[in-house]
Amino acid sequence: MGGEPSHTEGNKANTVTITPIDLFKGGGKKFQPFLGPMSGAFKLRYEGTKQHASLDIEIWKNGKKTGSAGSLTDLFFKANDQSQHEIEFIISAETIANMHNTHEQFTTIKISSIRDEGSALYTFTTPRDEKLTSSGLILNTSPQRFADDAPVYVMGVHATSTGMIPTADFSPESLSQLEYALLFTLHFS
């Protein structure tokens, strides 16, 4: 799957730039109890000609994509036939137990998109195996630029049943070792 950084710094045509945002830096620290530890933020900037972009929530088990928890579509669409070139996202994932069946768990995913004209909040819910006891984030730590011709991983939340959480990144080797993950993936068409 794509997602390797583009090394054509001089050619900005048909590229997306992902810039990580430290949510809890400075005064933002006060929001951490509300967003939770499995939260991250980034800014997407698109320079290109493709009309449709989506942010898909992929479910991975044992190193392979097994399903989807949802998708946001037409990310860069703006009214009046204009295009939006920059969007900021805040994503938070929280594990919640079913009140009627304590052995049943769900992950609630909240995604906030912030644009020039305002913001929106989206919520997705997916079942989660109760054996998954440890969770960690997969985030880019510095700005990255990618071509728009392949899917791009922008953020992830992974979990294990071992009580330990290994460091993970978006390399094929690391992804192949994930026991469970929700990967937020950008697609262009």
Accessible area, 1.4 Å probe, largest first: how do 139, 23, 183 sort?
139, 23, 183
Accessible area of residue 19 in the full protein assembly, 1.4 Å probe (Å², nearest 10)
50 Å²
What is the gain in length, in nm to one decimal, between residue 31 and residue 171 on full extension, counting 0.36 nm per residue of separation less the C-alpha to C-alpha distance?
47.3 nm
In Å², rounded to a whole number, the accessible area per residue of the chain with probe 1.4 Å is 56 Å²
38, 164, ranked by accessible area, largest first (probe 1.4 Å):
164, 38
Under the rule rounded for a/c under 1.5, else prolate if a/b exceeds b/c, else oblate, using alpha carbon gyration tensor axes a ≥ b ≥ c, the chain is classed as prolate
Using a 10 angstrom cutoff on alpha carbons, build the Gaussian network for the chain and name the most mobile of 124, 34, 146.
34
Only four residue types carry charge here, +1 at the Cβ of Lys and Arg and -1 at the Cβ of Asp and Glu. Report the dipole size of the chain about the Cα centre in Debye, rounded to the nearest 20.
340 debye
In terms of the Cα gyration tensor, with a ≥ b ≥ c the square roots of its eigenvalues, is region 98-189 rounded because a/c is under 1.5, prolate because a/b exceeds b/c, or oblate?
oblate
For the chain, built as a Gaussian network whose Cα springs stay under 10 Å, the top-fluctuating residue of 31, 42, 89:
31
If you plug each phi of region 17-25 into the Karplus form 6.51 cos²θ - 1.76 cosθ + 1.60 with θ = phi - 60°, what whole-Hz ³J(HN,Hα) values come out, in order, with x for Gly and Pro?
10, 9, 10, x, 10, 7, 4, 10, 7
Near the amide H of residue 178, under 5 Å away, which other amide H atoms are found, from residues 5 or more places off or on another chain, if H is placed in the peptide plane?
63
Assuming 0.36 nm per residue, please report the length gained on full extension of the stretch residue 112 to residue 131 beyond their Cα-Cα distance.
4.0 nm
Candidates 150, 159, 120, ranked by Gaussian network fluctuation over the chain, Cα under 10 Å, top entry
120
Quick calc, residue 65 & residue 98: beta-carbon distance into FRET formula, R0 22 Å, rounding 0.05, result 0.30
Whenever you get a sec, compute what percent of the accessible area on region 120-189 sits on carbon and sulfur atoms (1.4 Å probe).
54 percent
Which is the longest run of the chain containing none of the GluC sites (Glu not before Pro) found in DSSP loop states (not H, G, I, E, B) with at most 10 other C-beta atoms within 10 Å?
10-116
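The values are calculated or read from the model by the stated rules, or taken from the named source; none is laboratory data. Quantities reported herein were computed from a predicted structural model and do not represent experimental measurements. Every residue, glycine as well, gets a Cβ built from its backbone with ideal geometry; the counts of neighbours run over all protein chains shown. Remember, those area values only see protein heavy atoms, side chains included, never the ligands or the DNA or RNA. Shrake-Rupley method; radii C 1.70, N 1.55, O 1.52, S 1.80 Å.
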